[in-house]
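Asks: The structure is given below, and queries will be raised subsequently.
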Amino acid sequence: MSKLSRFGVSLNKDILDKFDRLINDQEYPTRSKAIEDLINYYITNDNLTNDKTLIIGTINLIYDHHKRELLKKLTGVQHDFQEIILSSQHIHVNHNVCFEMITVKGTKKEAERLFALIKGTKGIHNASLNMFSI
């Protein structure tokens, strides 16, 4: 078990009140746990500055599946990156719109390259890449 360290923090009261409301809304058990999560998030993002960092993450897409050749292009790109794609899930949002989540594991650079090819495809309405260093 790791040792706990205690430290004091001085904050503007308005900021602390907003923080307390936010963590209460998100049902954090303590301020300490919320601050620990923020610090972990900051450290994880700092690790993502190196292209060779190993990551796990998702590429999330919203698109019109009626767009000509879109599904063929998406499938082709995914086949080209099968070494980093762990899985994909396709969800029908409504008659025209689909949501797809592609789970990836590899280097940051590989994931960003795949994301760039996908998000630039005609017919993609919105796309995001979410990564965590591992």
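Asks: Stretch Lys67-Ser32 to full length: gain in nm at 0.36 nm per residue minus the Cα-Cα span?
Replies: Working: separation 35, 0.36 × 35 = 12.60 nm, distance 4.83 nm.
Value of the extension gain: 7.8 nm.
Asks: Here's something else I'd like to know. To the nearest 10 degrees, how steeply does helix 108-119 sit against the main Cα axis of the chain, on a 0 to 90 scale?
Replies: Between the helix axis and the principal axis of the chain, the angle is about 50 degrees.
Asks: Please sort by residue number the chymotrypsin sites (Phe, Trp or Tyr not before Pro) in the stretch 1-70 whose DSSP state is loop and whose Cβ has at most 13 other Cβ atoms within 10 Å.
Replies: Numbers: sites: Phe7, Phe19, Tyr41, Tyr42, Tyr63; in loops: Phe7.
Passing sites in the stretch 1-70 are Phe7.
Asks: Among Ile56, Asn94, Leu70, pick out the residue whose Cα is farthest towards the positive end of the charge dipole of the stretch 54-133, where Lys and Arg carry +1 and Asp and Glu carry -1 on C-beta, about the Cα centre.
Replies: Result: Leu70.
Asks: So which trypsin sites (Lys or Arg not before Pro) in the stretch 24-62 pass both tests, a DSSP loop state and at most 12 other Cβ atoms within 10 Å of the Cβ?
Replies: Of the trypsin sites (Lys or Arg not before Pro), the ones in loops of the stretch 24-62 whose Cβ has at most 12 other Cβ atoms within 10 Å are Lys52.
Asks: What does the extension gain come out to for Lys3 and His79, with contour length at 0.36 nm per residue minus their alpha carbon separation?
Replies: 22.8 nm
Asks: Here are some values of Cα extents along the principal axes in Å: (1) 45, 32, 22; (2) 65, 28, 23; (3) 58, 35, 25. Which one was computed from this structure?
Replies: (3)
Asks: Then there's this: Just to be sure I understand: with springs between alpha-carbon atoms less than 10 Å apart, which residue in Ile56, Ile15, Ile124 has the highest mean-square fluctuation in the Gaussian network model of the chain?
Replies: Highest fluctuation of the listed residues: Ile15.
Asks: If you keep only loop residues by DSSP, which GluC sites (Glu not before Pro) in the stretch 1-89 have at most 11 other Cβ atoms within 10 Å of their Cβ?
Replies: Numbers: sites: Glu27, Glu36, Glu69, Glu83; in loops: Glu27, Glu69, Glu83.
Those satisfying the criteria are Glu27, Glu69, Glu83.
Asks: Continuing with the same structure: Considering only Thr75, Thr103, Thr58, give the residue with the highest GNM mean-square fluctuation for the chain, with springs between Cα atoms whenever their separation is below 10 Å.
Replies: Thr75
Asks: While we're here: So, in Å, what gap is there between the alpha-carbon centers of the stretch 1-34 and the stretch 61-134?
Replies: Distance between centres, Cα-based: 36 Å.
Asks: Considering Cα pairs under 8 angstrom that are at least six residues apart, work out the relative contact order of the chain and quote it in whole percent.
Replies: Rounded, it is 33 percent for the chain.
Asks: Oh, and also: For the chain, set up a GNM with springs between Cα atoms under 10 Å and report which of Asp20, Asp51, Asp37 has the largest fluctuation.
Replies: It is Asp20.
Asks: Between Val93 and Ala116, how high is the FRET efficiency from 1/(1 + (r/R0)^6) when r is the Cβ-Cβ distance and R₀ = 22 Å? Nearest 0.05.
Replies: 0.40
Computed from the coordinates by the stated procedures, all read-outs in this text should not be read as laboratory data. The model shown is predicted, which means the values in this text are computed figures rather than measured ones. All Cβ positions, glycine included, derive from the backbone under ideal geometry; neighbour counts span all protein chains shown.
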